[in-house]
Each structure stands twice: as structure tokens, then as C-alpha cells.
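The structure appears right after this line, and notes come after that.
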Amino acid sequence: MDRVPEAGDCVREAGELRGRESEIAAALGAVRDRLDAACRAAGRTPSEVTLLPVTKFFPESDARILYQLGCREFGESREQEATAKIGEFRSRVPDPAVRWHMIGHLQRNKARAIAQWAYAIHSVDSERLIGALGRAATAAFEAGERTAPLRVLLQVSLDGDPQRGGAVAADLENLAAQVQSAPHLEYRGLMAVPPIEADPDAAFEELQNIHARLCLEHPDATELSAGMTKDLEHAVRHGSTCVRVGTALLGARPITSK
Ligand SMILES: *Cc1c(COP(=O)(O)O)cnc(C)c1O
């Protein structure tokens, strides 16, 4: 049975929250410094690169701390966890300026759930998923759950192994056209995670070249979601417009996390 609450509990919890707040505030400052330095080194302005804190595996209270520290965009990668967390967050922070991004692999039968809350999805890599997202976004419009299109970034496989997620470069043009012709979807750009063994500079350079080619056909789809805790400097050097950072902000996740 649970312990009976004691008078000191509230005080202790408030103290823990303040401890977590200062921890996250320090981490956020350090990541912003890294991002500023990376932009300066690349001759870019920091406003060109969005910091997307990734809150997967961490509680809703951490997202709220980040919100209080000025963050307005968040990334999640697991549908069930995200849907529950975002519901809780929205009931406490009813701010329409907050944007939630789906950045992880999505099964088609979860498309309807994310269409309720996702500002954008970064992990689209197949025609069948695009079809499911188009239907889901349409249903969300009809239900009054969203008023703006679902922004789509196509995930690129940089090692050509589709088992690890992502579409091969040769398929991207066709997939981008599919997104453009689907109802309530908007093609916004590309995302990639470099292969584990790869040289990040080479991988992000390849991604940048692929992105430049697609931009010839889709000049408005300028988003390039690239860079995480370990490699954000390399990604900024190669044109990233959005770095997705989890570990450096909130700490280590369980080893099995994706
Ligand atoms: C978890 C995750 C991240 C964050 O990775 P860190 O190394 O913790 O910064 C970024 N992108 C995707 C797709 C993820 O799943």
C-alpha cells in the first residue's frame, strides 16, 4: 500500500521541482550556447536554426519547465506516450502557440491520433503512410481538431537501408509529389538521422545536397531537420534549420529508447 502523505511532502516536492528547474535551465543555456557558437562558426544567424527539445521518456512536468523557460516547440517520438503527455500539457498550459512535432517512426494505424496534435511530422518515408496521414488530417479537419495542414518532412535514409527508417534518395521526389497532392498535408522539407557508424560531416553534407536538389522543385520546402545532442554542430554546418535535442537538455534515457 502507498505511504500515507505527510505534512512535509508538498514542500519536498516543490523543492525537487525547483531542483529540476535549475538543472534544465542550465542545460538549456548550455545547448543555446552550443547552437550560437555553431551558427557563428558556420557564418549563419542563430535565428535560422530552431531548437526542438525532445521530451520523449520524460514527464509532462519537464515539458512545462521548458515552456516556462521560453520553449514553444517540442518533439515526441512515441505516439501513445505523446498523446497522453500532450493532453495533460494542454490542460495545464492552454497556449495555442505551442507546437508539437512527431519525430519518430509512425505506424499507419496511429496516424489518426497524431493528426489531433501534431504541428508537423518529421518521419514520413512511404506512400502508404502519406495516404494514411492524408486521411487522418482530413478527419481531424472535419472533427474541428485542426485548422492548419499537417506539415510533412520526408525522412531520408542515408545508408540506403530502409529497415532503419527513411526513404532512399531516389524515391523522395515522388514522395514529395504525393504529399503535395494529399489533402491537408504540406510538404516542408527533409529529416535524417545519420547512420551510427557514419562520419556525421559526410552524412550531413550528403543530406544537404539531396535537400538542395529537392528545393529546385519545391522552393518553399526549406526545412532541414538534422542534428541531435551529439552532432548538432556538424548539422548546423550543413544547413540544418532544426536541431532535435533530447539528452543534452533532459539527461539520459533508458538504453532501449528510440
Ligand atoms: C530521441 C530522438 C532525438 C534526440 O536525440 P538526443 O541524442 O537525445 O538529442 C532526435 N531525433 C529523433 C528522431 C529521436 O528519436
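For this structure, a couple of remarks:
- The ranking of 218, 238 by Cβ neighbour count inside 10 Å, starting from the fewest, reads 218, 238.
- Quarter of Cα convex hull surface for region 54-169, i.e. mean projection, nm²: 7.5
- Per-residue extension of 0.36 nm, minus the Cα-Cα distance of residue 37 and residue 69, leaves a gain of 9.5 nm for this segment.
- Per residue of the chain, the DSSP helices (runs of n ≥ 4 H) give a summed -39500 (n - 2.57) that works out to -15000 deg cm²/dmol at 222 nm.
- Which of 215, 71 has the fewest Cβ neighbours within 10 Å, and the rest in rising order: 215, 71
- Surrounding net charge for residue 232, when Lys and Arg each add one and Asp and Glu each subtract one, Cβ distance under 12 Å: +1
- Exposure proxy for 186, 233: other Cβ atoms within 10 Å of each Cβ, ordered fewest to most, give 186, 233.
- Distance from the C-alpha centroid of region 172-202 to that of region 60-125: 20 Å, rounded to the whole angstrom.
- P(r) tail fraction, the chain - alpha-carbon pairs more than 26 Å apart, %: 42
- Summing charges over neighbours of residue 50, with a neighbour being any other residue whose Cβ is under 14 Å away from its Cβ, gives +3 when K and R count +1 and D and E count -1.
- In nm, spacing of pseudo-spin labels at residue 138 and residue 84 (7 Å Cα→C-beta vector): 3.2
- The GluC sites (Glu not before Pro) of region 59-152 meeting both criteria, a DSSP state outside H, G, I, E and B (loop) and at most 16 other C-beta atoms within 10 angstrom of the site's C-beta, are 145.
A short reminder: the numbers here are calculations on the coordinates, not readings from a lab. Because the structure is a prediction, the values reported are computed rather than measured. Cβ: placed from backbone, ideal geometry, glycine included. Neighbour counts: every protein chain shown.
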